[in-house]
Amino acid sequence: MDRREIAALLAYIGRLDPRTIRTDHAEARDQLAQWHELLEDVPLATPYGWDACVVARRHIRVSPYQILPADIARPWEDYKRDRLHRHTDPTPVADPDDQAAWTAELVGTRRAVATGTAQPVTHRQLTAGEANPRLKARLTQVGSYIPPEARAALAPFRRARAAREEALAQGEPDALSVRCDWCEAPVGEPCRRRRVDPNGFARGSAPRKEPHPGRKDLAAAQHRQQTATA
């Protein structure tokens, strides 16, 4: 704020709190000089949410103490800090090989955000929600993200996955779409060999290529039910 803006701010504060009014010419001059010295780098208002008059009015409304320059400067520092915390530096358009121009653009962008003349640049957060209805059609058009040759080469190392894909290709129900009641394998996970020792404790959990028969029967029953209700 320049001296004219400081004078306008003091006049506004004086209307709300007469205790700040200085009737003596020398005292008023000293008050103006003091406030200008302490608030010279604080703007009177910015396009994005900062207004020194609003800050002063809030202080006078809630505090019984006479307002001081620090009561304007502290909220201004909080305002700058909050905006910089919400800001992510965008990639400068300057030539990356020109270190001086690159740095100057970054500094200029941060200064503009901190002083309220530009909005912070934030990253979009990932949010949950329904998938785009056009996604399925797009995936059908694109096809599998694994080439058929690579899928065939990986089949010996992913036997359960390969068996599942083969069953789906033949129109059979997906056994891994239900939980296995025998080995307690969750949905999407292959069945495991469940061996019991003489003491009744389970030992051994190697994955099976084929799902347990009961899991296949459960998947088939669920598939028939879904087909009947469709």
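Read-outs: derived from the displayed coordinates by stated rules, not from any lab. The structure presented is a predicted model; accordingly, all values stated were derived computationally and were not measured. Positions of Cβ are backbone-derived with ideal geometry, glycine not excepted, and every protein chain shown enters the neighbour counts.
Quick look at the numbers
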| quantity | calculated |
| --- | --- |
| Computed FRET value (nearest 0.05) for residue 227 with residue 193, which takes r as the C-beta separation and R₀ as 30 Å | 0.40 |
| Prolate/oblate/rounded label for the stretch 1-137 (Cα gyration tensor, a/c 1.5) | oblate |
| Neighbour cut-off at most 15 other Cβ (10 Å), DSSP loop, trypsin sites (Lys or Arg not before Pro), the stretch 11-57 | 22 |
| Karplus-derived 3J(HN,Hα), 6.51/-1.76/1.60, for each residue of the stretch 213-224, Hz, glycine and proline x | x, x, 5, 4, 5, 5, 5, 5, 5, 5, 5, 5 |
| Rough spin-label spacing in nm, given labels placed 7 Å along Cα→Cβ, for residue 172 and residue 209 | 1.2 nm |
| Charge dipole magnitude, Cβ of K and R +1, D and E -1 - the stretch 16-79, Cα centre, debye nearest 20 | 340 debye |
